[in-house]
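Every number here is computed from the coordinates shown, using simple stated rules; none is lab data. Since the structure is predicted, the reported quantities are computational estimates derived from the model, not experimental observations. With ideal geometry, Cβ positions are generated from the backbone for all residues, glycine too; neighbour counts draw on all protein chains shown.
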Amino acid sequence: MSAINQSGWRPEMTPERRSNEATFTGNRALMLEEALIFEIGSLDTTGVDFAEAPKAASRLGGLERHKDIGLPGLSEPEAVRHYTRLSRQNYAIDLGLFPLGSCTMKHNPRLNERMARLPGFADVHPLQPVDTVQGAFEVIHQLAHWLVTLTGMHSVAMSPKAGAHGELCGVLAIRAALDAKGQQSRKVLLVPESAHGTNPATAAFAGFSVEDIPATEAGRVDLEALKARLGPDVAGVMITNPNTCGLFEPDMKAISDAVHAAGGYVYCDGANFNAIVGRVRPGDLGIDAMHINLHKTFSTPHGGGGPGSGPVVLSAALAPYAPLPFVEEQDGKFILIEEETAGEHHADSFGRMVSFHGQMGMFTRALTYILSHGADGLRQVAEDSVLNANYVLRSLEDVLDAPFANSGPCMHEAIFSDKGLPEGFSTLDIAKGLIDEGFHPMTVYFPLVVHGAMLVEPTETESKAALDQFIGACRSVAERAKAGDAALKSAPHFAPRRRLDETQAARKPVLVWKEPAQAEAAE
Amino acid sequence: MSRYFTEDHEWIDLDGEIATVGITDYAQSQLGDIVFVEVPEDGKQVAKGDDAAVVESVKAASDVYAPVSGTVIEGNPALEGEPALVNEDPEGDGWFFKMTLSDTSELDSLMDEAAYADFVSKL
Amino acid sequence: MRYLPLTPNDRQAMLAAVGAAAIDDLFVDVPEAARLSGPIAGLPLHASELAVERHMTKLAARNLSAGAAPFFIGCGAYKHHVPASVDHIIQRGEFLTAYTPYQPEIAQGTLQVMFEFQTQVARLLGTDVANASMYDGSTACWEAIGMARRITKRAKAILSGGLHPHYVSVANTMAKYTGDQLVTALPELTAEPDTARLIGMIDDETSCVVVQYPDILGRIGDLTELAAACQAKKALLVAVVTEPVALGACRSPGEMGADIVVGEGQSIGVGLQFGGPYVGLFGCKDKYVRQMPGRLCGETQDAEGKRGFVLTLSTREQHIRREKATSNICTSSVLCALAWSIHMTLLGEKGLRQLAALNHAGASAAAERLAQVSGVELVTPAFFNEFTLKLSKEARPIVRELADKGILAGVSLGRLYPGEDALANGLVVAVTENTTAEDVETLASALEEVLA
């Protein structure tokens, strides 16, 4: 045999650990630090080539900009690397289970992305003559048909831009309906304490005052207390169903009937529609308005904080007040109902909420998702999401306090609390411990009705193996907390950053980058 | 000079005509790191129980109520740049505002130091 | 079903584990009468990727896309070339499929992008600070009016006639329910924006003056005097920018004294998308930051002293302040903000200025050429990349007629202001780097033909 090559591939496995030693770059192998564009770019660099603009007399009316704006540029390779490096500091559904309760972080099918990018959808101007955009209107029309049918409601307003914007649409429709009846004095919206913060914020944004609806021990709306509060000053209720404790409101129909009997309307926060899509139609429960987060139930990507889309399904009672614009089919052609075309037929619309027609890019994705699943697949979505959540609930209730575990099955999310953890350990430590285990934490400290809440929504796109691994990680972290493992108090240890000082950020806000000299001068 | 306390964890000192209002040490310990305080404008008229100031930690915002009725004469200017004063010295330099009282008898319904200590011990 | 990983065996095992005999047992809280026994009748069942792609492609083919025609439409949304790398990067799963960065230790990517975006936006608009995005320009505009009310404690807003009519409509909708008083006006086919008229209207009740720059007809005018007039009456100046590329050539509203500057960011990085999703820009002076709506990202340090970023000043927001929040906004438009920021980084100062110069030169040449057409008059002498023509005939039918010929000629004022005779002959034409000299020639010849 020939001589052995001593510089062969097999690395020496030295016993010394080097992992805690600083590197020259600050990087740790694949964990790469990245400076700000203001530190690496320059005003003279650009990643886009343009033809020289022809010399011509300026028509800017003397408003030419002379001073530097201060926008650094990067060449394309530098830019691609900058953002790719940054992307790797993010957790994402594509990396693993993302159990944020109330957020429905399910897999985002890539066909949806491809369809949204067809030039016929992506490269169409909202003010093109309507004859040139019939396909776009047909997408809106088809999606609207699905949403109305799945919810058993009368009609749908498509233009709201996100869930909270949909809530606004719903409560404005309620306001308009009451005003039309001369009932301006109905100014109170009843909202349970467990509601998303957007509910009371929206009510106030639209000029309502907000009062609390008490909950029962079992985590549901207290029907009798609600009935007792109804009266001539109450405009309606805003109820989340399934609610934010992950429980279905079994009295929903009775609540609706009581509110209607007292002259009010029922708004339903549809953030949790995923649990019941294809199995329950909100219209059968007496609801007057409900927004649907296309970026939750119908899987348009959340994108790190939007864009979302929040169409609002409406009962026959509220439909006349729906916002403009909307699409109608007339004689085989789609027309746009705007201020101009509202006419007598739509004279009661409360007006426009956005420029143009809503989140078209989300409509194409959601319709693609819906057509892929079909009526049977959507029903399976609800079933699997509920099954997955119950599986998590029953697999963890012996190690984490589960306040409603005894009141029956949960819907698509399971709620836990930090009750029973030793002194000094809280929900935050469980959450940060999960980060080290390679998971995004659940929603923490929400809803407010459960102290130290942990709200877990696995969604239907998780396999049993993924759930089992997550359950194992939760059990391990919970047991570490119970054993008083101090290392948990300073977790995460393996993330791109350790715990961040939010107090400093809020006391002395630094919201834009300043040149170091400037920053010092400002001190 | 005497100090009174409310069940909402405000304290009020009366020195002659002028009262000073702040939040108690117990309140600041419950709130955690204070990051911002919004004090009332000079001249603001407040009735007992009205929202008079706002105190914010990172994850919470709480209203501070007027312990008695009267007119605000000064907000604590130091809190704008240094809200941490409320954590460090809540019942001293971390005061919120000074006011004149419209009805000194309203003080009678408030707690003295011993009563407040007893109240807090039962929370 | 390709998106659902549970197998029938998994489902059986998991049902057994949770102590349920059948899936229906988990829906016991739903009243019997409201339970559906099977897939909703009349709706199609699941379909293959191929089948869905065919369906959607057919629908897309029924639209005339902007890139397939000589294209001159603007009025709040503009066709610019977006570099290929922008779309590539925003489709990285770590950006696309992340949530709002509530856990900063594992969201530094999104957070740093937000911080860079805020800085870029503030610099472009000429404001001290900017937030991490709103839904779009129209909703950002209403939020600015509400913010001015909170700051000034006054409720009368004066809206320029040059403000996009959809933005006015959105504000009108909201004002009906919030008690704000809006003073509105129609635009006039005049050379100058209505700045002088606005100055004369400001009084001690005015919370703000809202002015668009460039305005709906494409006109630009100096805001300095208006800003001073607002300040003299302790009112705020809100400037609205629907074409941010303009700020690569023109002085920023902030530089001219605007207190709040909002905008539609679509032009940079986002694409037309038939009206959404877009990205609202929102900047203001430092002293008003606690009255701002929306997410804000701030710089801080981690436990090891490394620089990091977090969402901050959250006590303004709905999830903490509930009914006392500055706005109800939650999900905004962060992925579009990412696209905006990437595009802006690729451009840089140099590229943005070149882009703006190209747009302006192209628009100037087009305006000159079109004004030569008999029956066409250029209304707006000073503009950036969009100008208004007055035709000898009503513009709306002409736009439709030209669309039939495959030319997307611009926006007729009859579409935006139906029933307003004084505006009916107005045509707003936008010219960007996408517009070729041939496109302009095609439009000029077609106009000649239809106006003859």
query: Which numbered condition trips up A:TYR83, out of (1) free of Cβ contacts under 8 Å to residues at least 60 places away in the same chain; (2) buried (at least 24 other Cβ atoms within 10 Å of the Cβ); (3) assigned to a loop (DSSP other than H, G, I, E, B)?
result: (3)
- prompt: Within region C:127-165, how many residues turn out to be acidic (Asp, Glu) and within 9 Å of chain A (Cβ to nearest Cβ)?
  reply: 2
- request: Could you tell me which numbered condition A:LEU367 fails, if it satisfies all but one of (1) within 21 Å of the chain's Cα centre (by Cα); (2) at the interface with chain C (Cβ under 10 Å from one of its Cβ atoms); (3) farther than 22 Å from A:HIS302 by Cα?
  value: (3)
message: Considering only residues that are aromatic (Phe, Trp, Tyr) and at the interface with chain A (Cβ under 7 Å from one of its Cβ atoms), which ones fall in region C:74-114?
response: C:PHE95, C:TYR99
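Yes or no, residue by residue, for (1) more than 7 Å from chain A (Cβ to nearest Cβ); (2) within 19 Å of C:CYS141 (Cα to Cα); (3) not in a helix (DSSP H, G or I):
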| position | (1), (2), (3) |
| --- | --- |
| C:SER267 | yes, yes, yes |
| C:THR315 | yes, no, no |
| C:ILE342 | no, no, no |
| C:GLU349 | no, no, no |
message: Given the criteria over 30 Å from C:GLY137 (Cβ atoms), under 37 Å from the mean Cα position of the chain (by Cα), of a type outside the set (Ser, Thr, Tyr) and more than 8 Å from every other protein chain (Cβ to nearest Cβ), does C:LEU50 qualify?
response: yes
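Per-residue answers, yes or no, for (1) on the phi > 0 side of the Ramachandran plot; (2) within 33 Å of the chain's Cα centre (by Cα); (3) more than 7 Å from chain C (Cβ to nearest Cβ); (4) surrounded by fewer than 11 Cβ atoms within 10 Å (Cβ to Cβ):
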residue	(1), (2), (3), (4)
A:ALA22	no, no, yes, yes
A:MET31	no, yes, yes, no
A:ALA35	no, yes, yes, no
A:THR46	no, no, no, no
A:GLU52	no, no, yes, yes
A:ALA57	no, no, yes, yes
A:ARG65	no, no, no, no
A:GLY70	yes, no, no, no
A:GLY73	no, yes, no, no
- line: For region A:228-248, the count of residues that are part of a loop (DSSP other than H, G, I, E, B) and either buried (at least 24 other Cβ atoms within 10 Å of the Cβ) or within 22 Å of the chain's Cα centre (by Cα) (or both) equals 8
query: If a residue has to be within 17 Å of B:LEU101 (Cα to Cα) and without any contact (Cβ under 8 Å) to a residue 60 or more places away in the chain to count, how many in region B:11-52 make the cut?
result: 16
message: Being facing chain C (nearest Cβ under 10 Å) and assigned to a strand (DSSP E or B) is the filter here; which residues of region A:125-157 pass it?
response: A:VAL133
message: Here is a list: C:GLU449, C:GLU386. Which entry is within 23 Å of the chain's Cα centre (by Cα) and of a type in the set (Asp, Glu)?
response: C:GLU386
statement: Among strands (runs of 3 or more DSSP E) entirely inside region B:1-73, those with 1 or more residues being of a type in the set (D, E, K, R) and surrounded by fewer than 22 Cβ atoms within 10 Å (Cβ to Cβ) are B:2-5, B:10-15, B:34-38, B:51-57, B:61-65
message: What pairs come out if I take residues in region A:313-331 that are farther than 22 Å from C:LEU416 by Cα and pair them with residues that are buried (at least 23 other Cβ atoms within 10 Å of the Cβ) and polar (S, T, N, Q) whose C-beta lies under 6 Å away, six or more apart or interchain?
response: A:VAL313/A:THR151
Qualifying position, being more than 30 Å from A:ALA122 (Cβ to Cβ), within 7 Å of chain C (Cβ to nearest Cβ) and either in contact (Cβ under 8 Å) with a residue 40 or more places away in the chain or in contact with a Phe, Trp or Tyr (Cβ under 8 Å, 6 or more places away or on another chain) (or both), among A:PHE350, A:PHE404, A:PHE356: A:PHE350
query: Which pairs have Cβ atoms under 6 Å, sit 6 or more apart or on different chains, and link a residue in region A:22-51 that is touching a residue at least 12 places away in the same chain (Cβ under 8 Å) and under 24 Å from C:PHE309 (Cβ atoms) to one that is part of a helix (DSSP H, G or I) and among the hydrophobic types (A, V, I, L, M, F, W, C)?
result: A:GLU34/A:LEU86; A:GLY47/A:ALA79; A:GLY47/C:LEU346
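Conditions tested, residue by residue: (1) crowded, with 21+ Cβ neighbours inside 10 Å; (2) of a type outside the set (A, V, I, L, M); (3) farther than 26 Å from A:GLY304 by Cα.
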residue: A:THR104; (1), (2), (3): yes, yes, no
residue: A:MET115; (1), (2), (3): yes, no, no
residue: A:ALA136; (1), (2), (3): yes, no, yes
residue: A:ALA157; (1), (2), (3): yes, no, no
- prompt: Would you pick out the residues in region A:277-318 that are out of contact with any Lys or Arg (no Cβ under 9 Å at 6 or more places or on another chain) and of a type in the set (S, T, N, Q)?
  reply: A:ASN293, A:SER315
- request: Inspect all residues belonging to region C:211-221 and state whether any of them is in a loop (DSSP other than H, G, I, E, B), in contact (Cβ under 8 Å) with a residue 40 or more places away in the chain and more than 14 Å from C:ALA239 (Cα to Cα).
  value: yes
